[in-house]
1. How high is the relative contact order of the range 57-152, given as a whole-number percent (alpha carbon pairs under 8 Å, six or more residues apart)?
2. Here is the link list: 193/231; 71/193; 132/193. Which ones come out longer than 22 Å on Cα distance?
3. Let a ≥ b ≥ c be the square roots of the eigenvalues of the Cα gyration tensor of the range 130-272; is it rounded (a/c under 1.5), or, if not, prolate (a/b larger than b/c) or oblate?
4. Tally Lys and Arg at +1 and Asp and Glu at -1 over the other residues with C-beta under 15 Å from the C-beta of residue 64: what net charge comes out?
5. If amide hydrogens are placed 1.01 Å from N in the peptide plane, which non-local residues have theirs closer than 5 Å to the one on residue 82?
6. Using the Karplus curve 6.51 cos²θ - 1.76 cosθ + 1.60 with θ = phi - 60°, work out ³J(HN,Hα) for each residue of the range 121-130 in order, rounded to whole Hz, and write x for Gly and Pro.
7. Report the net charge of residues surrounding residue 47, where surrounding means a beta-carbon distance below 11 angstrom and charges are Lys +1, Arg +1, Asp -1, Glu -1.
8. What list do you get for 200, 172, 57 if you sort them by fewest beta carbons within 10 Å?
Amino acid sequence: MVAIDTYNACVDFPIFDAKSRSMKKAFLGAAGGAIGRNDNNVVIVDALRDINLHLREGDRVGLVGHNGAGKSTLLRLLSGIYEPTRGSAIIDGRVAPVFDLGVGMDPEISGYENIIIRGLFLGQTRKQMKQKMDEIAEFSELGEFLSMPLRTYSTGMRIRLALGVVTSIEPEILLLDEGIGAVDAAFMAKARKRLQELVERSGILVFASHSNDFLAQLCDSALWIDHGEIKQAGPVVDVVRAYEGDGAADHVQRLIDRMTKEDSADTPGTVD
């Protein structure tokens, strides 16, 4: 069974060269984690503290919070990149970590070759990626550029290619850190649709995002992460209201209502 369970999970980062300089302390404090010392008197940053999270198949959870609050650290804990320094994290299921759209791509090889490499990085086989090649090429709209080295691509072209690969996989647990930009509006609309289809294929989604539109579209619950701790958990609208206020929450509610209405209109036999 696909599941995520963390029990009082903590992640600490030791700062071995840290001194008592006020600038460093101020910088680390602004980054999110609390500063302290461990039993060996080494300065540490508490990046995550006492995280209790229990997710099952079908859960779609958004992470909100300021930059440095711990959202990306939590995704890396759930992916196994970070081990908890205290507490525990138990992950059952095949994890697809999507943190940086450029990770796993080589600027010196072609777009076609990068499709294979990026797919392998996401846990796919070479055979699986070859089978997806034409579909990814069509989605990316890169044409003959796919035969050229990645270093010849613009930022927007790289994102198109990476999104094509990412949205072609079949994850059991999808850990998504929003990193989408530098593409035109028409392609973004197409990418949103594919992202939604990807989420629908996944067993569990944990999605760190600054976009309330994406949260409304992809998630049904949310966690507000603040200074490495879960400050609030609940429905997306409630968490956004606590984090950003009534205006942002009302916007999210309108988006949810509109999508619900559109889904009802698309369902055969539904009567308004």
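Bear in mind these aren't lab numbers, they're just calculated from the coordinates by the rules spelled out. All of these numbers come straight from a predicted model, not from anything done at the bench. A quick note on method: Cβ atoms are made from the backbone with ideal geometry, for glycine too, and the neighbour counts reach across all protein chains shown.
1. 24
2. Working: 193/231 31 Å; 71/193 24 Å; 132/193 18 Å.
The pairs that break the limit, which is 22 Å between Cα atoms, are 193/231; 71/193.
3. prolate
4. Details: positive: 60, 71, 231, 241; negative: 177, 178, 213, 220, 226, 229, 238, 244.
Once all neighbours under 15 Å are counted, the net charge is -4.
5. The list, which skips near neighbours in sequence, is 77.
6. 4, 8, x, 8, 8, 4, 4, 4, 5, 5
7. Within the 11 Å Cβ shell, the charges total 0.
8. On the way: 200 10, 172 18, 57 13.
By the 10 Å Cβ count, ascending: 200, 57, 172.
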